[in-house]
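Enquirer: Got a structure here, written out as structure tokens. Questions coming.
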Amino acid sequence: MRPELDTKDAYRPLTDGLNPEQERAVLSTAGPLFILAGAGSGKTSVMTRRIAYLMKACDVAPWNILAITFTNKAAKEMNERVKKLVGDAASDIWMCTFHAMCVRILRREGERLGYANNFSILDADDQVSAIKQCMLDLNLDLKKFDPATVQWRISAAKNELLAPSQMKRGGKKTLIDSVVVDVYEAYRHRLATVQAFDFDDLIFKTVELFEQHPDVLAAYQDKFRYIHVDEYQDTNRAQYRLVRLLADKYRQLCVVGDTDQAIYRWRGADISNMLNFETDFPEATVITLEQNYRSTGTILDAANALIQNNEKRREKSLWSAKGAGAKISVYAAVDQEDEAVYVLSSVQEHVGQGGEFRDCTVLYRANAQSRALEEAFMQAGMPYKILGGLTFYDRREIKDVMAYLRVLANPSDEISLLRIINIPKRGIGEGTIRKLLDFAHEHDLSLLEAMRQMPLDSDEHSQNRAASLPGTLSHDAELLASDLGPRAAQSVATFARLMTVLASVQEGLTVTEFVQEALARTGYREMYASSHKDEDQNRLDNIDELITVTRSFDRRRRHATLSDFLAETSLLSDTDKESGKEPNAVHMMTVHAAKGLEFPVVFVVGMEETLFPHSRSIDTDEGVEEERNLCYVALTRAREKLHLSYCSERSLFGQVQMNDPSRFLDELPSALLEASVSERHVVPRWEIGLTVRHPQFGSGVITDVTGSGDDLELEVTFTSRHGTKRLKPKLTKLRVTHG
């Protein structure tokens, strides 16, 4: 490789328009590189141009470059940008998510771990279903131990690269700890039996592959000599370990991220991966991108002032050449209905001045906050769209069709088979399924193999097959058929035969042709086509839309297999799944969902203590810092105008709350704000029986109310050692926590 070059004429297009620090990042191609990229600082442009520079100026082959992102959408955008710079050679670069990369590696190398290359990938619902079944097999009470909670604990363990045996070691274990370990062991065995991985396994198993097979690791180290990782602050332990393994040989690792936007600790992200980068790579070059191309100076000054209150961060200060812009509006609402009216009227004002609905986005800390906003928007007839609702691939009919396809691609996929075994209705009930599962597990068969043991009337092939089975299996199969009864046994055999025939016709068909064949032969499409219900017609439309998806896939991926299609769709994130033409509507979403996005006008609602920052996070410095990061992300989504609002009283989660304004509002310079207060007047509803909270005495219940106005006095019995006290609300910071 040639040394770093000056931007001569041949390479000037790769650095045109970049600021000095961006250009330096593009040209720094020797050794580890840490790019601290602030919000809106053009990091994607820097990464794509750096990749192009490696290829054009440094003669690096495209297949020696790896670029890892956190969403397929980001990977696609990066690929398109690189393609404009280097042409079709970009197709040979691996630009993908962690999970997509690991799928490609495991498809090629999975046999080293005992997996065939047609393994299935479980989605979140499938994972919970499989864990629930494991818990039932272990005779655990599902009311006492929530399967979703157990799934979350297992996922967290995998992200920490902990196997069940490792979880058993250590200190004293609680009952739930022991239950999680037992279920984890059973779940792990179940997935191996049905040749399936869940999302966490994809990275866990790839790390395992590299650690157990040094020759495989060496081959991929030689392949990926130049590695780029976006959003490095969001990596967990497993992802960190994977990157270190791949990068340790050549140490040509470029990571890009922002400690101030670390908001995923709750799902295993470890900010120390970024904070300790120079410890891992002492020879690293560090470049900070501080010029923001998105927001006005006022918005950035506010964000800088806010984030200065955090300690666990890398120092930087965003600035903009766009000018100061409008001040930040802060609205003190009476309640959530008043807050919604403020947002509504502000959007109407924006549209009245020539703007569009799509310019405006409402961000909130908790999904439940959208209710009051939706009601106000519906009553006013204002168009809105909630990001993060039920996506196309989450709809029942699409999940059913995909389950059929997964079984046809991987006959061992018992989890998917259980979803569609009786859809459409074919006379295979729960009792029959239980007996089939017992038979399958007793004889070490997959569920579909067990079903194939049932003789099909007038089917010479099945009868010959039964005759050729080992004596014990043949005898037990006859006993099972007798136990099921002729009708159920016939239904099982007919369905097994159908799946066998369908699997045999895959070869030579495109994915679209095969899906159409499967829909016709299984009767799944006809089930909705013959219905007159509007809901079923909508489901039929969605099934037809899936054909549009497969046609697009066939055009893009000539000669790709059904397994390739299933892998691509299973790796789509919620953001990736949002498709279609963007409507002219106000967007509503959580702050987490807004990461990586930007909008002309942003409303951040619910700026109140216990809501933002959230009550679950305010008891630790680490929790508050991440909440402040989240607020920083919210502020820096806005390009031109930012609105912040809070309520004196809010009904949420079935409770009436009277919270103080968020501490984050106090951390914003007052010179940058323009405050307004609702013209409505709130009168706190102090009533006997209300649960309240005092900043010093803690939680208590109102047991008596006397006086009125300025002389109003409450008797409050506290649950702590402070006992009963008489307090004047006018002089005391009391808030209602339950009504």
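Enquirer: For ARG434, which of the numbered conditions (1) more than 30 Å from PRO486 (Cα to Cα); (2) modelled with pLDDT of 85 or more; (3) part of a helix (DSSP H, G or I); (4) not β-branched (Val, Ile, Thr) fails to hold?
Expert: That leaves (1) as the condition not met.
Enquirer: Still on this structure: Of these, ALA130, ALA157, which one is surrounded by fewer than 22 Cβ atoms within 10 Å (Cβ to Cβ) and assigned to a helix (DSSP H, G or I)?
Expert: Working: ALA130 fails: surrounded by fewer than 22 Cβ atoms within 10 Å (Cβ to Cβ).
Result of the check over ALA130, ALA157: ALA157.
Enquirer: Shifting gears a bit: Looking at (1) open to solvent by 10 Å² or more (accessible area, probe 1.4 Å); (2) in contact with a helix residue (DSSP H, G or I) (Cβ under 8 Å, 6 or more places away or on another chain); (3) polar (S, T, N, Q), which is the only condition THR494 fails?
Expert: Every listed condition holds for THR494 apart from (2).
Enquirer: Still on this structure, I have one more. Among the residues of region 267-319 satisfying the criterion of being closer than 30 Å to VAL601 by Cβ, open to solvent by 20 Å² or more (accessible area, probe 1.4 Å) and not in a loop (DSSP other than H, G, I, E, B), which is modelled with the lowest pLDDT?
Expert: ARG267
Enquirer: Quick check: anything in region 349-366 touching a Gly at 6+ places or on another chain (Cβ under 7 Å), of a type in the set (Lys, Arg) and modelled with pLDDT under 95? Full working, then the answer.
Expert: Going residue by residue through region 349-366, those that are touching a Gly at 6+ places or on another chain (Cβ under 7 Å) are 364-365.
Imposing the further condition that a residue be of a type in the set (Lys, Arg) reduces the set to 365.
Those still in the list that are modelled with pLDDT under 95 too: 365.
Yes - at least one qualifying residue is present in region 349-366.
Enquirer: Sticking with this one: Please state which of the following conditions ILE688 fails to meet, knowing it meets all the rest: (1) among the β-branched types (Val, Ile, Thr); (2) open to solvent by less than 50 Å² (accessible area, probe 1.4 Å); (3) at pLDDT 80 or above.
Expert: Evaluating ILE688 over (1) among the β-branched types (Val, Ile, Thr); (2) open to solvent by less than 50 Å² (accessible area, probe 1.4 Å); (3) at pLDDT 80 or above leaves (2) as the failure.
Enquirer: Ok, one more. Residues being surrounded by fewer than 22 Cβ atoms within 10 Å (Cβ to Cβ) and touching a helix residue (DSSP H, G or I) at 6+ places or on another chain (Cβ under 6 Å): count how many of those fall in region 358-370.
Expert: Matching residues across region 358-370 total 0.
Enquirer: Output the residue which, of all residues in region 663-681 that are part of a loop (DSSP other than H, G, I, E, B) and surrounded by fewer than 15 Cβ atoms within 10 Å (Cβ to Cβ), is modelled with the highest pLDDT. So that I can check it myself, show each step before the final result.
Expert: Within region 663-681, the subset part of a loop (DSSP other than H, G, I, E, B) is 667-669, 678-681.
Narrowing further to those that are surrounded by fewer than 15 Cβ atoms within 10 Å (Cβ to Cβ): 669, 679-681.
On the way: PRO669: 97, GLU679: 70, ARG680: 67, HIS681: 57.
Here the answer is PRO669.
A quick yes/no check of all residues on (1) basic (Lys, Arg); (2) modelled with pLDDT under 95; (3) under 27 Å from the mean Cα position of the chain (by Cα):
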residue: LEU217; (1), (2), (3): no, no, no
residue: PHE224; (1), (2), (3): no, no, yes
residue: ILE227; (1), (2), (3): no, no, yes
residue: ALA238; (1), (2), (3): no, no, yes
residue: VAL243; (1), (2), (3): no, no, yes
residue: LEU246; (1), (2), (3): no, no, yes
residue: ARG251; (1), (2), (3): yes, no, no
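Enquirer: Test THR29 against the criterion of being of a type in the set (S, T, N, Q) and part of a helix (DSSP H, G or I), and give yes or no.
Expert: Values: of a type in the set (S, T, N, Q): yes; part of a helix (DSSP H, G or I): no.
Considered against the rule, which asks whether it is of a type in the set (S, T, N, Q) and part of a helix (DSSP H, G or I), THR29 comes out as no.
Enquirer: Let me ask something additional. Please indicate, with yes or no, whether at least one residue in region 393-403 is assigned to a loop (DSSP other than H, G, I, E, B), closer than 30 Å to LEU572 by Cα and modelled with pLDDT of 90 or more. Quick ask: steps written out before the conclusion?
Expert: At the first step, the residues of region 393-403 found to be assigned to a loop (DSSP other than H, G, I, E, B) are 395.
Keeping just the survivors that are closer than 30 Å to LEU572 by Cα gives 395.
Narrowing the set further to residues that are modelled with pLDDT of 90 or more leaves none.
No, region 393-403 contains no residue that is assigned to a loop (DSSP other than H, G, I, E, B), closer than 30 Å to LEU572 by Cα and modelled with pLDDT of 90 or more.
Enquirer: Taking HIS694, is it modelled with pLDDT under 90, surrounded by 12 or more Cβ atoms within 10 Å (Cβ to Cβ) and not small (Gly, Ala, Ser)? Quick ask: steps written out before the conclusion?
Expert: Working: modelled with pLDDT under 90: yes; surrounded by 12 or more Cβ atoms within 10 Å (Cβ to Cβ): yes; not small (Gly, Ala, Ser): yes.
Judged against the criteria, HIS694 is a match.
Enquirer: Select, from SER474, SER531, SER552, SER462, the only residue that is crowded, with 19+ Cβ neighbours inside 10 Å and modelled with pLDDT under 85. Walk me through how you get there before you give the answer.
Expert: Numbers: SER474 fails: crowded, with 19+ Cβ neighbours inside 10 Å; SER531 fails: crowded, with 19+ Cβ neighbours inside 10 Å; SER552 fails: crowded, with 19+ Cβ neighbours inside 10 Å.
Only one candidate qualifies: SER462.
Enquirer: Please find, among GLY31, GLY87, the residue that is in contact with a Ser or Thr (Cβ under 8 Å, 6 or more places away or on another chain) and either surrounded by fewer than 20 Cβ atoms within 10 Å (Cβ to Cβ) or at positive phi (or both). Spell out how you get there, then give the answer.
Expert: Values: GLY87 fails: in contact with a Ser or Thr (Cβ under 8 Å, 6 or more places away or on another chain).
When all the criteria are applied, what remains is GLY31.
The values are calculated or read from the model by the stated rules, or taken from the named source; none is laboratory data. This structure is a prediction, so every number in the text was calculated from the model and none was measured. Ideal geometry is used to build each Cβ from the backbone, glycine not excepted, and the neighbour counts take in all protein chains shown. Please note that ligands, DNA and RNA were not included when accessible areas were found on the heavy atoms of the full protein model with its side chains. Shrake-Rupley method; radii C 1.70, N 1.55, O 1.52, S 1.80 Å.
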